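Note sheet for the following structure.
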Amino acid sequence: MKVNGGELKVDLTEPEVKWIKDTLERDPSITELGMFDVMWSEHCSYKSSRPKLKLFEDAEKNYDYVLAGPGEDAGVIDIGNGYALAFRIESHNHPSAIEPYHGAATGIGGIIRDVLCMGVRPIALLDPLRFGTLKNNPHSQWLFKYVVKGIADYGNCTGIPTIGGEVEFDKSFEGNCLVNVACIGLGTVDDFRHAPSRAYNPEDYIILMGGSTGRDGIHGVTFASRTLTDMSEADRPAVQIGDPFTKKMIIEATIEAIKTGYVRGLKDLGGGGISCALSELTGDGGTGAKIEMRKIFTREPGMNSYEIMLSESQERMAFIVKPEGLEKILEIFRKFEMAHAVIGRTDDSKVLKIYDGDKLVVNLPSIALSESPIIDREEKRPEILDGLISQKTPEPSSNLEEIIYKLIASENICSKEWVYRQYDHEVGVRSVVKCGTGDSGVLRIIGTNKFLASSVGTNSKHCFLNPYEGAKGGLVEVCGNVIANGARPKAMVNCCNFGNPEIPESFWYFANSVRGMADFCKELRIPVVGGNVSFYNEDEVNKTAIKPAPVIMIVGIIEGVEKIITLPFKNVGDDILIIGETENELGGSEYHSVMYDIEGGLPPKVDEKKIKARWDFIFKLYEKKMIKANHDVNKGGFLISIAEMCFKNKLGADLDLNNYNDTNLRDDKLLFSESVGRFIIETEPKDFEVIMILAEKFKVTVKKLGVLINKPEINVKGLASQDIKLNIEKMKDLYDSTIPNLMDI
Amino acid sequence: MTIKIAVVQFPGANCDLDAMHVLNNVIGIETSLVWHNHFKEAEFDGVILPGGFSFGDYLRAGIIAAHSPALDEARIMLKDGRPILGICNGFQILTEAEFLPGALLQNDSLKFVCKWINIRVENNKTPFTHKMKNGDVLAIPVAHGEGRYFADNLKELEENEQIVFKYSDENGKYTQNANPNGSMENIAGIRNLEGNCLGLMPHPERASEAILAPKGTTHGKLFFDSMIEFIKRRS
């Protein structure tokens, strides 16, 4: 559209432009219009998702240990002993699909800043990733290789360990890979309270510190709020370039600055750049500000006000500093040789005024930019679903052993060691349960006897068939991961990855996933302390949306070193027990997709009461020190879980399933169903009776499947069609070699 | 006497606080974290160059830090026999500054590698290894992208007993599998001719507490215990 100062192509709708003109009682300047365009993009304003996100209960109001909930840069919880944890998860899907290395790297950069600006030190990263299948697919291999390298190079350099993650391969992610990034920060409760992301006081100095402002990444957020087309390659300049060394310096300089007590507000510059940061600082703080735009240090000469205000150049932070502390803070920035500039001061005008020399280029009420409109989107259940759900499982075409060997080698089940070997997961000397030895990453909190456990994930195949139950199932699984390591789930954040919200079917998936998560969290008393929504993950060329991916991150706390539980089986002669029933739930299973290339069937359902009872039961056994190893049952079914538990200590198992199949499921359904919320535990025979009495008391189904043996094989009796004999060494070899064979060529 | 150790903080170091934690809380020695251009050798009995990505490892790992004034100070310590320990990036800095012979090249896998491995003690007559025995196998993690040791005077290094550690399997055998980066002769750590400067790729500070080790070992602590006792004996 034509405005004062030139012509601008905007994504704003006509009613939105009219509202802006009416509110300002004039035409906006080109810079102002650009700021509205960015701030009211789906990515920044959550205009489609906000009505649904209201379904989550108010975490700050309902949970006394929640210090900051949704709406902040990161959720913050009080974990006792004076410490606070901040964490957040975010998507960087669109940039990574175009430029995987820098897209993923700057995703890490952004999430680190979000956590840092809560005033705490970032201590862990986790990365849930989704790609097209790797086999015979050089494009997916290229994306996978460089996304992992981007995360590794950036995360390793900043000295923040990557302690966990998840990888799913599915052809729906071929055109739109999903790169979600999560970060956890640790500090004292006081650190967090000192530096909110607000400018509450007039007369404070506003300092910009870190990288210079360049022309890269202009309008990155509006790019993220569109679908990818074959023209998207031309958007490559909208992907920012990361600099992990500068980020490391920013972390150290910021933490040293906060410790002085002179920093009164702190905000990272991410999507929407300086416009977004200033409007949130002053708008939410109830103040105004006067900014001298030419004080902002730029990477190249000749940048106009529009470019400077909207640049999304990486590695920049805005500080609100008490007047008496200005010199001290500048001295710290000089020590770290970080570029910085005092760009203005806050005032009580409630107006954001930005000057380009003498010329006033932006003159907006500071809350105007954050008062974005809401759009009520239409929801419609996809018609194809009924047909998909009624798909039947074919009769097994090969013997069960062959199927199991195929499953363990499948891309979604096999070892992800190729990924985590490239991540420094030990730096910080906190990593107690390391990648590959537990369902979650466990870090000690030095100075206490507490440990944090965190895991991320979802099951997009289940969500595709039933987003309400699938999103709940994702929660059951990710909570199950931290519980298996001995942690109580304390809080959740989520990253909702969906297609185009303007398409009713895509929006239906989003709305029902949110409903599922909200209902489950209310029932199980897990506060939702933050989230991020990534829409438009849709490939316009092939007219395909991704499978819905409401990715969940759980942070849990283990109260004492003796309460940490790990995955590997420990002692020959111990019992192998299963907690929870196996239902006829093969819909969206790996068995269906690996063996028959079908996506349908009945997906798993979640019964919150049963889940709660199982969790309470497990913690009772933990209290009695009766569990020696624990692993939740996930993709591929429970035999896969048992095999994974055998690998590390080269043990085997003698199993008899005669006793477990109460509902007479066909053998393949019993073995490969992905019913959620089951656990495999190792216990001692002497405790068996007590465990069964407790199981009855807690109304939990617990069955003994067999015992651990000193031979690397799994023998299964009690099936209708055949006995099974599996070679653990062969399984381990298949498990380990799939990804290296595809990638290291 | 009070022993004073410095951990030099180069911009981009990221194992500096880990080394501080071990020295202060595990070994119990007063240790100072010193910004690289504030470092003055006269105040310290020994110095540690920690791991990380000094100056972002831009240009080449360790080369920019090798030109920091901190290395001029350290050179004085090198000459008068005070112990200097370079871990990972610290090792890379020490080779770039020519305190130690050889160079560290990109891993043969072309990928960063983070894992627990084993190293075998080849020379226990150094300030950092005298509490170990030759042939001991230590469990310790590595985390690096450029750790493939290369030297063009290997024979000389062997004759002068400058090879202090080699990657080995659990039983002390030098196998290709045990070598995480393709280094020459499985070399993991090297000392200078005089013996008071050691550089190694593995991270002793990550292997000094049982809770962090897969098998509950504390082999990394031996490095710091040896270094402290050496300083005590020396004074």
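Convex hull over the Cα atoms of the range B:1-53, averaged projected area in nm²?
Working: hull surface 13.7 nm².
Spelled out: convex hull of the Cα atoms, projected over all directions, averaged, 3.4 nm².
What length, rounded to one decimal in nm, is gained on full extension from A:K620 through to A:D597, with 0.36 nm per residue of separation minus their alpha-carbon distance? Working shown, then result.
Details: separation 23, 0.36 × 23 = 8.28 nm, distance 4.12 nm.
Length gained, A:K620 through A:D597: 4.2 nm.
Relative contact order, percent, of chain A when contacts are C-alpha pairs under 8 Å separated by at least 6 residues?
Computed over chain A, the figure is 15 percent.
From the phi of every residue in the range B:96-109, what ³J(HN,Hα) in whole Hz does the Karplus formula 6.51 cos²θ - 1.76 cosθ + 1.60 yield, where θ is phi - 60° and glycine or proline is x?
Residue by residue, the range B:96-109 yields 4, 7, 6, 6, 10, x, x, 8, 10, 9, 4, 3, 5, 6 Hz.
Could you name the lysines whose alpha carbon sits less than 17 Å from that of A:K295, not counting residues in the same chain fewer than 8 places away?
A:K353, A:K359
Can you work out D for the range B:155-235 in µm² s⁻¹ from Stokes-Einstein, where Rh is the Kirkwood radius over C-alpha pairs, the temperature is 10 °C and the viscosity is 1.306 mPa s?
Numbers: Rh = 14.2 Å.
In µm²/s, the coefficient is 112.
Consider just the alpha-carbon atoms of the range B:1-108 and return their Rg together with their Dmax, both in angstrom.
13.1, 46
Quick check on chain B: take the gyration tensor over C-alpha atoms, sort the square-rooted eigenvalues as a ≥ b ≥ c, and tell me if it's rounded (a/c under 1.5), prolate or oblate.
Working: a/c = 1.35, a/b = 1.19, b/c = 1.13.
Rounded is the answer for chain B, as its axis ratio a/c remains below 1.5.
Any chance you could list the semi-axes, whole Å, largest first, of the equivalent ellipsoid that the Cα gyration tensor gives for the range A:493-591, using √(5λ)? Spell out each step's value before the answer.
On the way: eigenvalues 246, 79, 39 Å².
Gyration-tensor ellipsoid for the range A:493-591: 35, 20, 14 Å.
Based on the alpha-carbon set only, what is the convex hull volume of the range A:636-709 divided per residue, in Å³? Could you put the intermediate results ahead of the total?
Values: hull volume 7.9 nm³, N = 74.
Enclosed volume per residue, from the Cα hull, is 106 Å³.
Across 10 Å bins from the origin, how do the percents of Cα pairs in the range A:563-696 run, short distances first?
12, 40, 36, 11, 1
Please list the non-local residues whose amide H lies under 5 Å from the amide H of A:T188, H modeled 1.01 Å from N, same-chain partners needing a gap of 5 or more.
A:A84
For q values of 0.17, 0.19, 0.22, 0.23 Å⁻¹, compute log₁₀ I(q)/I(0) with the Debye formula on a Cα-only model of the range A:555-634, without solvent.
Treating every Cα as an identical point scatterer, log10 I(q)/I(0) equals -0.89, -0.99, -1.11, -1.15.
Among A:V482, A:H102, A:I151, which residue has its Cα furthest toward the positive end of the charge dipole of the protein assembly as shown, with +1 on Lys/Arg Cβ and -1 on Asp/Glu Cβ?
The residue sitting farthest along the positive end of the dipole is A:V482.
Taking B:K215 as the anchor, which aspartates and glutamates have their alpha carbon closer than 13 Å to its alpha carbon, excluding any fewer than eight residues away along the same chain?
Cα-Cα hits under 13 Å: B:E170.
Within 10 Å of each residue's Cβ, count the other Cβ atoms and sort A:E689, A:E644 from fewest upward.
Numbers: A:E689 9, A:E644 24.
Ordered by Cβ neighbours within 10 Å, fewest first: A:E689, A:E644.
Quick one: compute the contact order of the range A:649-745, relative version, from alpha carbon pairs under 8 angstrom and 6+ residues apart, as a percent. Show your work: numbers first, answer last.
Values: 90 pairs, mean separation 43.9, N = 97.
So the answer I get is 45 percent.
Give the Cα extents of the range A:143-194 along the principal axes, in whole Å, largest first.
47, 22, 16
Within the range A:458-566, what is the number of lysine pairs with alpha carbons under 18 Å apart, leaving out pairs fewer than eight places apart on the same chain?
Working: A:K461/A:K472; A:K461/A:K547; A:K472/A:K490; A:K472/A:K522; A:K472/A:K547; A:K490/A:K522; A:K490/A:K563.
So the count works out to 7.
Using a Cα-Cα cut-off of under 18 Å, which lysines could be cross-linked to A:K732, ignoring same-chain neighbours fewer than 8 residues away?
A:K406, A:K416, A:K570, A:K635, A:K648, A:K650, A:K711
What residues qualify as long-range amide H neighbours of B:F53, i.e. H under 5 Å apart, gap of 5 or more or another chain, H built at 1.01 Å from N?
Amide H neighbours of B:F53, under 5 Å, 5+ apart: B:A13, B:N14.
Amide H neighbours of A:D347 under 5 Å, at least 5 residues apart or on other chains, H built in the peptide plane: list them.
A:E203, A:G288, A:A289, A:K290
Ordered by residue, what ³J(HN,Hα) values in Hz, to whole numbers, does the range A:484-493 give under the Karplus form 6.51 cos²θ - 1.76 cosθ + 1.60, where θ = phi - 60° and Gly and Pro are x?
For the range A:484-493, the Karplus-derived couplings read 4, 8, x, 9, 7, x, 9, 7, 10, 10 Hz, x marking Gly and Pro.
I need the shape label for the range A:427-534. Rule: rounded when a/c is under 1.5, else prolate if a/b > b/c, else oblate, with a, b, c from the alpha carbon gyration tensor.
Working: a/c = 2.38, a/b = 2.21, b/c = 1.08.
In terms of gyration-tensor shape, prolate.
For the range A:579-617 and the range A:651-665, compute the distance between their C-alpha centroids and round to whole Å.
Using only Cα atoms, the two centres lie 17 Å from each other.
Sort the range A:244-291 into rounded, prolate or oblate with this rule: let a ≥ b ≥ c be the square roots of the eigenvalues of the Cα gyration tensor; rounded if a/c is under 1.5, and if a/c is not under 1.5, prolate when a/b is larger than b/c, oblate otherwise. Can you show the working numbers first?
Values: a/c = 3.11, a/b = 1.41, b/c = 2.21.
Note, shape of the range A:244-291 comes out oblate.
Listing A:Y509, A:Y468, A:Y405 from the residue with the fewest other Cβ atoms within 10 Å to the one with the most, what is the order? Could you put the intermediate results ahead of the total?
On the way: A:Y509 30, A:Y468 20, A:Y405 16.
Starting with the residue having the fewest Cβ neighbours, the order is A:Y405, A:Y468, A:Y509.
Could you state the number of Å between the C-alpha centres of the range B:134-179 and the range A:540-562?
41 Å
Could you derive backbone 3J(HN,Hα) for the range A:439-444 from the dihedral phi with the Karplus parameters 6.51, -1.76 and 1.60 (θ = phi - 60°), listing whole Hz in sequence and x where the residue is Gly or Pro?
6, 9, x, 10, 10, 7
Test of understanding: express the Cα radius of gyration of the protein assembly as shown as a ratio to 2.2 N^0.38 Å, with N the residue count.
On the way: Rg = 28.6 Å, N = 980, 2.2 N^0.38 = 30.1 Å.
Computed over Cα atoms of the protein assembly as shown, the ratio equals 0.95.
Jot down the per residue volume, in cubic angstrom and as a whole number, of the convex hull over the alpha-carbon atoms of the range A:305-399.
Enclosed volume per residue, from the Cα hull, is 312 Å³.
If you take every residue apart from B:N123 with its C-beta less than 9 Å away from the C-beta of B:N123, what net charge results, scoring Lys and Arg +1 and Asp and Glu -1?
Numbers: positive: B:K125, B:R191; negative: B:E122, B:E161.
Combined, the nearby Lys, Arg, Asp and Glu give 0.
Each reported figure results from applying straightforward, stated rules to the coordinates on display, with no laboratory input. Owing to the predicted nature of the structure, the values given are computational and were not obtained by experimental measurement. Backbone-built Cβ (ideal geometry, glycine too); neighbour counts: all protein chains shown.
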